[in-house]
Structure formats: C-alpha cells, structure tokens
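Take a look at the structure below.
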Amino acid sequence: MLPALIIFLLTYLLMLALPQYRPFAALGGAALFLALGAAGLWDFTLMDAARAVDFNVLLMMAGTMGTVSLFIESRMPARLAELLIVRVPNVKWAVCMLALFAGVISAFVDNVATVLMVAPVGLAIARKLKISPVPVLISIAVSSNLQGAATLVGDTTSILLGGFAGMNFFHFFWMEGRPGIFFGVELGALASLGVLLFTFRHETQPISATVETEVTDTVPSALMLLTVGLLIAASFLPQPAGGLPLALYGLRSGLICAGVCLFGILRACLRRRSFAPFRLAARELDCDTLLLLFGLFILIEGIRKAGVIDAAAQLFYTLSGDDPFRLYTLLVFVSVGLSAFIDNIPYVATMLPVVQGIAGLMNGGAGFPPELFYFGLLTGATLGGNLTPIGASANIAAIGILRKHGEQVRTRDFLRIGIPFTLAAVLTGYVYLWLVWGA
C-alpha cells in the first residue's frame, strides 16, 4: 500500500507544480500503476483500468464542448453578457450574479456541462469590462460544484447516491418527513455569495453598456436548452435489468450530449454547405482536459485496488466508534480533504457501501439511519473539490478553457477564491444537516 500512496502523492505534486503537463502526469501515474499491477505488486489489470474510466462523463464533456462551440459562434454569449451587464451596478455584482446563474443551472445539469455552457458568457463579460477572466471563471466553477449536490441530476456523485440509496429526484428536497440536502446547499450558496462579494469588493467600477450584439443563429441556444431538458428527463428513466440496455443506461447523459452535438454540427454543415462547423468543433475539443480526466479515473482506481482508500475508510469506524456526531464530522471533513486532491466520483462510489456498513454496525449492531452520513459524504466530497484546481472536473474544465484563451492560471489564484468559498459552504451545510438529520 505504501508504494501506491507514494506514487499517488508524487503524481499529484507534479500536477500541482507543472500545471501545463497535468494530462501527462496523470497518464504517467496511471501507466505506472498498471505496470506495477502487471508485475504483481497489486491486483490491477488493464480491464480494471478500462472499467474505472467514466466514459459517460467524458462523452458528456466532449459533446457539450461541441455544442458550446456552436453556441459561441452564434454570438449568443455576447448577447447574454450585455443583457446581464446593463442590469447590475458594477463589476462586483456582475461576477456574483454570473456565479449564481451558473449555480442555478448546475442544480439540474452536471457541473462540467454547466461550466462549458456559462464560461463563454463569463469570458465575454471579462473582455467587455477589460478585466482578467481568471477569477470570473473560477467563481463560475466553484459555484457550479456547490450546486451540483442540490439535486439528483446536479452531479455524478448525486446520481451515484440516488442509485445506491434508492433515492428519487424529490428525495433531495424532502425525505422521510424532513427537508433534504437541497436546502443545506442553498444555505451554503448564500454564505458563499458573501465570500464572493467580499473577494470582489474592490471591483466597484460602474458598468456602462448597451445591448447591441445581434445573434446570428438561435438554434444552438435551443440545442443547449434541449440538452438541459433531456438530461433532466433521463434521470427519471428506470434502470434496465442488464445487458446492452444497462450499458446504454450508464452512458445516457454522455450519449445525450454527444447526440445533440452531432445533430447541431450536421445541421450547421448542411446550412453552410461547408465542413467549417465540424472543424470549429474539433478545434474547440479540449483534449488536454479529456486526457487528464481519463488518467485520473485510472489513477484513483489504482490506489483503490492497492488498498489506500479502503484503509482510509476503515479508520472512520475505528475513530468514531458508536458516536454518530463523531462519524458524521469525520465523514464531512475527511471527504473535504480527500476530494481536494482526488476525483470525487470514484471516492463516493467506494465510500457509499463503507458508510452503509459502518451505519449498520453502530448502536451495538442495531444500526443508525444512514441518510445523515450519505448526505454528509455527498456534501464533503462535492464541495471539497473546490479547495484545489484539480479537486473537481468543473475546475479542470474551467482552467482548460482559460488556457485555451491564453490565460495563465496560478494555483494561488484559485486558492484565493476556493478556500474561503469552500469553508463557508461546507460549514453551513454541515450545521444544517446535523440539526435536521442528526438530532
């Protein structure tokens, strides 16, 4: 287990120290785990690595990137930017309202897709106001991560929890006669809004703008809305028993995004009688981000196979015993710490059965209702990703967009917003969940 932990830590240190080489570091770490698995150091095969990759997330990202490229070309982001700018008094409120707008979308759409949709608007606003787009897009990303835990369809981790615990869409709002996690997330959003207002307190330049951009094509905007609607509808589909239908069910969000994207590109090519829209979408495909996520999925599965995550999880019950408050506190804050550096999707998938087992052992074997621990795990794992640039897929996507537009994102630029934002949101949700579900 120690060699696995050392490899994991070295890989993440490389990604932090050399951000421009993050995809290669992640892929290199994944390859090293596979090589040592083949050598017999631990049980980790190529098939294990293939199963670890969440192709649904990768397909969703790639498809949304293509649709977003058409959305940007239609000039709708610039139009939305102008409509927003003329309704706020200064730059501070422009950034905060944009972050809240991203949060509202992210409550119903995966946070990576949200960043890909809203980032063009943030870039357009930054260009119009001649300010750095770096803090703007970071604010969008962390707000998207926060709201991803609000509903069943907001994030992959929420979908994992819903499937494991048998929760439906409305259980996140009201469950067993009590308010659900949605309200805790919204209270956290209010607390984090205060953090953003403080962070941008000096950006009080007045805004003087007019709405003058003409949209060239409204269909890409309709495709964006269609993607949102289909993703929500797909969350209500019953899970098939097995076989090919089950495999397609697991890829449904990615297939929706990819399908809408291909339709939009085909329509644009036929409309122009040119392959230019296809070439545009291909150029906008952020291969660095996709490769980074691909490598991270394998890397995390490698440390799970080597026993690192299981060993960490075993500490929970040893440290907490039969005290639910202690276990809940450990789950929330250890999840925050771990999710700051590891992808929360495999972490949550691994921890859900562990949490269920620990809850069953409490009270001398009589058990303790696991919902408090489920929601605590989701809160810590989802919001903890906002602590670092590589803690969540949405952060990686936002930084990738900035780099594609020639912006250098330093780690301290992210931490300046991510740390206070995360602490405000997590502490608020932590107190709310204990008062509602712990007492």
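Given the C-alpha centroids of segment 391-418 and segment 211-265, what is the distance between them in whole angstrom? When both Cα centres are located, 26 Å separates them. The local environment of Phe200, defined by Cβ-Cβ distances under 14 Å, has a net charge of +1 under the rule Lys, Arg +1 and Asp, Glu -1. Taken about its Cα centre, segment 288-402 carries a charge dipole of roughly 60 debye when the Cβ of each Lys and Arg holds +1 and the Cβ of each Asp and Glu holds -1.
Rounded to 0.05, the FRET efficiency of the Lys128 and Glu176 pair, given R0 = 56 Å and the Cβ-Cβ distance, is 0.70. Does segment 113-259 classify as rounded, prolate or oblate by the C-alpha gyration tensor (a ≥ b ≥ c root eigenvalues; a/c under 1.5 gives rounded; else a/b over b/c gives prolate, otherwise oblate)? Oblate, because a/c is 1.5 or more while a/b does not exceed b/c. Computed with a 1.4 Å probe on the full set of protein chains, the accessible area for Ile72 sits at about 70 Å². Its DSSP H runs of at least 4 residues, each contributing -39,500 (n - 2.57), put the calculated 222 nm mean residue ellipticity of the chain at -23500 deg cm²/dmol, to the nearest 500.
Could you tell me the number of lysine pairs in the chain with C-alpha atoms less than 19 Å from each other, where the two lysines are 8 or more residues apart or belong to different chains?
On the way: Lys92/Lys128; Lys92/Lys130; Lys128/Lys404; Lys130/Lys404.
Close lysine pairs under the 19 Å cut-off: 4.
Quick one: putting +1 on the C-beta of Lys and Arg, -1 on the C-beta of Asp and Glu, what dipole do you get for the chain around its Cα centre, in Debye to the nearest 20? Roughly 1220 debye, rounded to the nearest 20.
For segment 277-352 versus segment 3-26, the inter-centroid distance based on Cα atoms is 15 Å.
Among Val354, Phe373, Ala340, pick out the residue whose Cα is farthest towards the positive end of the charge dipole of segment 336-439, where Lys and Arg carry +1 and Asp and Glu carry -1 on C-beta, about the Cα centre. The listed residue farthest towards the positive side: Ala340.
How large, in percent, is the carbon and sulfur part of the accessible surface of the chain at a probe radius of 1.4 Å?
Reported share for carbon and sulfur atoms: 68 percent.
Treating r as the C-beta distance of Leu270 and Leu197 and R0 as 60 Å, the FRET efficiency rounds to 0.80.
If R0 is taken as 51 Å, the Cβ-Cβ distance between Thr204 and Leu319 corresponds to a FRET efficiency of 0.60.
Using only the alpha carbon atoms of segment 250-353, find the Kirkwood hydrodynamic radius as the inverse mean reciprocal pair distance, in angstroms to one decimal. Don't skip to the end; give the middle numbers.
Values: mean 1/r = 0.0580 Å⁻¹.
Value: 17.2 Å, from the Cα pair sum.
Helix 308-320 and the long axis of the chain differ in direction by around 60°, with both axes built from C-alpha atoms. Residues of segment 381-399 falling in the label zone of Leu285, defined by backbone nitrogen less than 18 Å from a point 7 Å along Cα to beta-carbon, are 397. The alpha carbons of the chain give a radius of gyration and a Dmax of 21.5, 71 Å, in that order.
In the context of the full set of protein chains, residues of the chain present 41 Å² of accessible surface per residue (probe radius 1.4 Å, heavy atoms only).
For Lys130, Lys92, Lys305, Lys404, the ranking by accessible surface with the largest value first comes to Lys130, Lys404, Lys305, Lys92, using a 1.4 Å probe.
For segment 154-221, which chymotrypsin sites (Phe, Trp or Tyr not before Pro) pass both filters: DSSP loop (anything but H, G, I, E, B) and at most 14 other C-beta atoms within 10 Å?
Numbers: sites: Phe164, Phe169, Phe170, Phe172, Phe173, Trp174, Phe182, Phe183, Phe198, Phe200; in loops: Phe173, Phe200.
Filter output for segment 154-221: Phe173.
Net charge in the neighbourhood of Gly264 (other residues with Cβ under 15 Å of its Cβ; Lys, Arg +1, Asp, Glu -1) is +1. Against the chain, whose longest principal axis is taken from its Cα atoms, helix 252-272 shows a tilt of about 20°. Between the Cα long axis of helix 219-234 and the first principal axis of the chain there is an angle of about 20°, rounded to the nearest 10. Here's the picture: charge each Lys and Arg Cβ at +1 and each Asp and Glu Cβ at -1 in the chain, and of Gly180, Thr204, Ile138 the one pushed furthest to the positive end of that dipole is Thr204.
The values are calculated or read from the model by the stated rules, or taken from the named source; none is laboratory data. Everything numeric in this text was worked out from a predicted model, so none of it was measured. Virtual Cβ from ideal backbone geometry, glycine too; neighbours counted across all protein chains shown. To get the accessible areas, we keep the full protein, side chains included, count just its heavy atoms, and leave off ligands, DNA and RNA. Shrake-Rupley method; radii C 1.70, N 1.55, O 1.52, S 1.80 Å.
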